[in-house]
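Peer 1: Please read through the structure below; I'll follow up with questions.
The values are calculated or read from the model by the stated rules, or taken from the named source; none is laboratory data. Owing to the predicted nature of the structure, the values given are computational and were not obtained by experimental measurement. Because the Cβ atoms are built from the backbone with ideal geometry, glycine has one as well, and the counts that use them run over all protein chains shown. In case anyone asks, the SASA skips ligands and DNA or RNA and just uses the protein heavy atoms, side chains included. Shrake-Rupley method; radii C 1.70, N 1.55, O 1.52, S 1.80 Å.
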Amino acid sequence: MKEFIKTEVKAETAILVGLITKEQSERKTNEYLDELEFLAETAGAVTVKRFTQRLDGPSSVTYVGKGKLEEIRAYILAEEEAEREVGMVIFDDELSAKQLRNIEKELGVKILDRTSLILDIFAMRAQTANAKTQVELAQYRYMLPRLQRLWTHLERQGGGSGSGGGKGSVGLRGPGETQLEMDRRIILNRMALLKQRLADIDRQKTTQRKNRGRLIRVALVGYTNVGKSTLINLLAKSEVFAENKLFATLDTTVRKVIIDNLPFLLADTVGFIRKLPTDLVDSFKSTLDEVREADLLVHVVDVSHPDFEEQIEVVNATLHDLGCSNKPQLLLFNKMDAYTWTEKDEDDLTPATRENLSLPDLQSTWMARLGRDAIFISARQKMHIDELKQLLYERVKELHVQKYPYHDFLFEHYTEEA
């Protein structure tokens, strides 16, 4: 019997490129590139090199300066000579059609920006018809202003003198422009169809929400990969997919949770991220409707992340854009078991920074600021889960009595089975 030869599939290699500007320090740029590397890893690529450059702002022509682009090109050629082919170059900001075209021409490899990388992960993660439709719409929205670069081999053609040719040939339509118009029309028609499909799905989901009965709705929100899915699995004893990768959850999952004699609905939503394009948020409107419909938001934070305070700001800004910033909110600091800090030397007279705060110091700081609206837990290690359940019970009960004053609880008492 003939045996098949098994060959190992090599992961694509990637180079990351970021800018250090007046608004974005070197430390911040490195943090963004760490996140970009995690995004690349989630998409299946291995980062082999990083390039950064200090500029006042991105170049409108090639994002980085001409010298830096030549340096990246030299590195790619050196890797090719050493038989280590570079698969792609990923830029940490969204690139325009002009920038993409010029960079591709210079480097001769696949070029991605942060947005296209996130879209690629979304496409990989989408499982349901709803998620797939939303991702496809977001991809078309991203692609539409960048169509021109796909048809650079069909430039406007004109020559000679006289009417209809040469410089200033008003009204002459070359094959490139014709093809571009056709593609634009096809994409716009497809986008209209997808929007209609999403509107139909939205109506179905609205009907589903109306049929859920008189129950308080709680939505888990937060930055991507902070442990929302692990938490809903713990509270609802469900099997929601959870993984240590970005955007493991795209579809909103709603589960019924019962604490003591009080039932309520708990929704797990798609995670937010820095530099998330507006088009992506618009495309995922129907998914984020669970956030808009929620009576209480539980903002989950990865307290072990060195920059968790900025992640809180990103989520709050996104909630503001969704019109949900005034909803009742709990701040839930997860992953307390993974928290690390650096103790200051006694001789060090410089002011203490966030990195010098121990976990008890951090807890007292946030608890003093937010009182009972903040709690520290570890969903993976099941630390302080009973305290979380008690806090949720109190807050949901308050909202339940306000919203349904004449509606009794569904259970006299609920005993959790071992």
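Peer 1: For Gly166, are the conditions met, namely being modelled with pLDDT under 75, open to solvent by less than 50 Å² (accessible area, probe 1.4 Å) and assigned to a helix (DSSP H, G or I)? Walk me through how you get there before you give the answer.
Peer 2: Values: modelled with pLDDT under 75: yes; open to solvent by less than 50 Å² (accessible area, probe 1.4 Å): yes; assigned to a helix (DSSP H, G or I): no.
Spelling it out, it is not the case that Gly166 is modelled with pLDDT under 75, open to solvent by less than 50 Å² (accessible area, probe 1.4 Å) and assigned to a helix (DSSP H, G or I).
Peer 1: Pairs under 8 Å by beta carbon, first residue without any contact (Cβ under 8 Å) to a residue 12 or more places away in the chain in the range 21-35, partner assigned to a helix (DSSP H, G or I), six or more apart or different chains?
Peer 2: Once the first residue is without any contact (Cβ under 8 Å) to a residue 12 or more places away in the chain and sits in the range 21-35, its partners that are assigned to a helix (DSSP H, G or I) give Gln24/Tyr32.
Peer 1: Check the range 328-347 and report whether any residue there is open to solvent by less than 70 Å² (accessible area, probe 1.4 Å), of a type in the set (S, T, N, Q) and under 27 Å from Ala294 (Cβ atoms).
Peer 2: yes
Peer 1: Could you check, for the range 15-25, whether at least one of its residues is under 25 Å from the mean Cα position of the chain (by Cα) and either assigned to a helix (DSSP H, G or I) or on the phi > 0 side of the Ramachandran plot (or both)?
Peer 2: Within the range 15-25 (the criterion being under 25 Å from the mean Cα position of the chain (by Cα) and either assigned to a helix (DSSP H, G or I) or on the phi > 0 side of the Ramachandran plot (or both)), the answer is no, since none of the residues qualifies.
Peer 1: Here's another thing I want to ask about it. Among the numbered conditions (1) within 22 Å of Lys228 (Cβ to Cβ); (2) of a type outside the set (A, V, I, L, M, F, W, C); (3) modelled with pLDDT under 90; (4) exposed (fewer than 14 other Cβ atoms within 10 Å of the Cβ), tell me where Glu387 comes up short.
Peer 2: Only one criterion is unmet by Glu387, namely (3).
Peer 1: Additional query: Out of curiosity, is Glu31 in a helix (DSSP H, G or I) and either on the phi < 0 side of the Ramachandran plot or surrounded by fewer than 14 Cβ atoms within 10 Å (Cβ to Cβ) (or both)?
Peer 2: Details: in a helix (DSSP H, G or I): yes; either on the phi < 0 side of the Ramachandran plot or surrounded by fewer than 14 Cβ atoms within 10 Å (Cβ to Cβ) (or both): yes.
Yes.
Peer 1: Being part of a loop (DSSP other than H, G, I, E, B), more than 22 Å from Asp120 (Cβ to Cβ) and at pLDDT 65 or above is the filter here; which residues of the range 213-248 pass it? Show your work before the answer.
Peer 2: The first filter runs over the range 213-248 and keeps only residues part of a loop (DSSP other than H, G, I, E, B), leaving 213-216, 224-227, 237-248.
When the remaining residues are screened for being more than 22 Å from Asp120 (Cβ to Cβ), the result is 213-216, 227, 237-240.
Passing the criteria: Gly213, Arg214, Leu215, Ile216, Gly227, Lys237.
Peer 1: Contact list please: Cβ distance under 7 Å, first residue in the range 181-197 and farther than 18 Å from Val135 by Cβ, second residue modelled with pLDDT under 85 and of a type in the set (Gly, Ala, Ser), pairs at least six apart or on different chains.
Peer 2: Every condition considered, no pair remains.
Peer 1: Under the condition of being part of a loop (DSSP other than H, G, I, E, B) and under 24 Å from Ile121 (Cα atoms), which residue from the range 37-90 is least open to solvent (accessible area, probe 1.4 Å)? Before the answer, list the steps.
Peer 2: We begin by selecting, within the range 37-90, every residue part of a loop (DSSP other than H, G, I, E, B); these are 44, 55-58, 60-62, 64-65, 82-87.
Subsequent filtering for residues that are under 24 Å from Ile121 (Cα atoms) retains 44, 85-87.
Values: Gly44: 42, Glu85: 140, Val86: 4, Gly87: 22 Å².
Looking at the filtered set, the residue picked out is Val86.
Here's the yes/no breakdown for (1) more than 27 Å from the chain's Cα centre (by Cα); (2) farther than 19 Å from Ile216 by Cα; (3) modelled with pLDDT under 90:
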| position | (1), (2), (3) |
| --- | --- |
| Asn316 | no, yes, no |
| Cys324 | no, no, yes |
| Arg354 | no, yes, yes |
| Ser364 | yes, yes, yes |
| Asp373 | no, no, yes |
| Val401 | yes, no, yes |
| Phe409 | yes, no, yes |
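Peer 1: Tell me which residues, restricted to the range 111-160, are at pLDDT 85 or above and among the hydroxyl-bearing types (Ser, Thr, Tyr).
Peer 2: Thr115, Ser116, Thr133, Tyr140, Tyr142
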